[in-house]
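Read the structure below first, then the notes.
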Amino acid sequence: MNDSLRRFSINQMTVKQLSLPELVDGCLELGVPGVGLWREPVRQYGVAAAAELVRDAGLAVTTLCRGGFLTAIDPGERASALDDNRAAVEEAATLGTDTLVLVSGGLPAGSKDLHGARERIADALAVLGPYAAEHGVRLAIEPLHPMFASDRCVVSTLTQALDLAERFPAEQVGVTVDTYHIWWDDQAPAQIARAGAQGRIHTFQLADWTTPLPEGVLNGRGQLGDGSVDMREWKGYVEAAGYTGPIEVELFNEALWVRDGREVLAETARRFVEHAG
């Protein structure tokens, strides 16, 4: 293994144009030791088959994305969300990862009650945390940039994520530290230290912030080194907090997706070494 890539993990969405076998082959060719997988393409390939593929290749599955969307008010919708998250926990366990990333969900249609939405997340975690622990899986609440609060994630800061996570044991619920979503927050370094002291940094993800954002904003994550985020600074914060695990690069970027996936994978590995190695 290339020692400079020892902690590098490529999130499947960064090179979503690659099939799972192509992604595995590319990782083996470059010496990339880990992959973060997404439920939709894994399910399409077959969960058990995907688990066998990565296991036989010797790759670590660093995370599974994603569970969550736990803010519904309607009882039927809430029950369906819990069922889906239980399935996600089982898929993570089958794939051999101990971390399921949660995107908590936005405001239900017609609602303006952020506090109520966050409390419904806590109610769901009280059910899902023990279930995940039974399967050897930890739930990692990911705060998303505030621009996503209405439609995707009412948890916008590490402070909010930890306030939720701390209601539960650390082996059940922790947080995702993603540079794209928190780089702007001057409270985030202290919250990383808070999370580390409790053993709640369950995964660390990198993406850069570039402007202007694309229409729809979701697919605006920049390649490492192209934007405003000091990757080594944030790596320093999580390491000072005791985190020594994989570092996953997760980029939603239309310009990257139309390129040759193997080239993007190789470029991302180079950028990781240059900006975060």
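The values are calculated or read from the model by the stated rules, or taken from the named source; none is laboratory data. Quantities reported herein were computed from a predicted structural model and do not represent experimental measurements. Virtual Cβ from ideal backbone geometry, glycine too; neighbours counted across all protein chains shown. The accessibility values were calculated without ligands, DNA or RNA, using every heavy atom of the protein model including side chains. Shrake-Rupley method; radii C 1.70, N 1.55, O 1.52, S 1.80 Å.
To check my understanding: the extent here is largest minus smallest coordinate of the Cα atoms along each principal axis. What are those three numbers for the range 1-136, in Å, largest first?
49, 28, 26
With N set to the number of residues, divide the alpha-carbon radius of gyration of the range 191-277 by 2.2 N^0.38 Å and report two decimals.
Here the Cα radius of gyration is 1.17 times the empirical estimate.
Once you keep just the Cα pairs under 8 angstrom separated by 6 or more residues, what percentage relative contact order results for the range 31-108?
38
Report, to the nearest whole %, how much of the accessible area of the range 9-132 belongs to carbon and sulfur atoms, 1.4 Å probe, protein only.
52
Please list, in order along the range 5-18, the HN-Hα scalar couplings obtained from phi with the Karplus expression 6.51 cos²θ - 1.76 cosθ + 1.60 (θ = phi - 60°), rounded to whole Hz, x for Gly and Pro.
9, 4, 9, 6, 10, 9, 6, 4, 5, 4, 10, 5, 6, 8
Got a sec? Charge dipole of the range 1-142, +1 on Cβ for Lys and Arg, -1 for Asp and Glu; which of Gly116, Thr94, Gln12 is way out at the positive end?
So the residue furthest toward the plus end is Gly116.
Can you give the relative contact order of the range 147-258 as a percent, counting alpha carbon pairs under 8 Å and 6+ residues apart?
Computed over the range 147-258, the figure is 25 percent.
Taking only protein heavy atoms into account and a 1.4 Å probe, give the accessible area per residue of the range 35-127 in Å².
Here the residues of the range 35-127 average 43 Å² of exposed surface.
Please list, in chain and number order, the residues 5+ apart from Thr62 or on another chain whose amide H is under 5 Å from its amide H, with Hs placed from the backbone.
Val35, Gly36, Leu37
Using a 1.4 Å probe on the protein chains only, how many percent of the accessible area of the range 144-277 belongs to carbon and sulfur?
About 50 percent, which is the carbon plus sulfur part of the accessible surface.
How much length is gained if the chain between Asp84 and Glu215 is pulled fully straight, taking 0.36 nm per residue apart and subtracting their Cα-Cα distance, in nm to one decimal?
Extra length from Asp84 to Glu215 when fully extended: 44.2 nm.
Hey, got the dipole for the range 43-162? About the Cα centre, +1 on K and R Cβ, -1 on D and E Cβ, debye to the nearest 20?
It comes to approximately 260 debye.
With each run of n ≥ 4 DSSP H residues scored as -39500 (n - 2.57), what mean residue ellipticity at 222 nm is computed for the chain after dividing by its residue count and rounding to the nearest 500 deg cm²/dmol?
Result for the chain: -13500 deg cm²/dmol, rounded to the nearest 500.
If you take the Cα atoms of the range 125-236, find Rg, then find the Kirkwood Rh from the mean of 1/r over all pairs, what is Rg/Rh?
Radius of gyration over Kirkwood radius for the range 125-236 works out to 0.99.
Once you have the alpha carbon radius of gyration of the chain, what is it after dividing by 2.2 N^0.38 Å, with N set to its residue count?
0.94
Just add up the charged neighbours of Ala72: K/R +1, D/E -1, any other residue whose Cβ is under 10 Å from the Cβ of Ala72.
With Lys, Arg at +1 and Asp, Glu at -1, the neighbours total 0.
Going highest first, how would you order 87-97, 5-15, 48-58 by mean Cβ packing within 10 Å?
Those peptides, ordered most packed to least, come out 5-15, 87-97, 48-58.
With a 1.4 Å probe and every protein chain left in place, work out the accessible area per residue of the range 146-191 in Å², rounded to a whole number.
35
Show me, bin by bin at 5 Å from 0, the whole-percent P(r) of the range 193-240 based on Cα pairs.
Per 5 Å bin, starting at 0, the Cα pair percentages come out as 5, 19, 22, 17, 16, 13, 7, 1.
Hey, got the dipole for the chain? About the Cα centre, +1 on K and R Cβ, -1 on D and E Cβ, debye to the nearest 20?
280
Using Cα pairs closer than 8 Å and at least 6 residues apart in sequence, work out the relative contact order for the chain, in percent.
Normalised by residue count, the contact order of the chain is 20 percent.
Quick one: Karplus J couplings for the range 145-161, per residue in order, coefficients 6.51, -1.76, 1.60, θ = phi - 60°, nearest Hz, x for Gly and Pro?
Those phi angles translate into 3, x, 5, 9, 5, 6, 10, 9, 7, 7, 9, 10, 9, 4, 4, 5, 4 Hz.
Show me the ranking of peptides 73-81, 191-199 by mean Cβ neighbours inside 10 Å, starting with the highest.
Order by mean packing, descending: 191-199, 73-81.
Which one of Tyr131, Val273, Asn85 is farthest out on the positive end of the charge dipole of the chain, using unit charges on Cβ (Lys, Arg +1; Asp, Glu -1) and the Cα centre as origin?
Towards the positive end, the residue furthest out is Tyr131.
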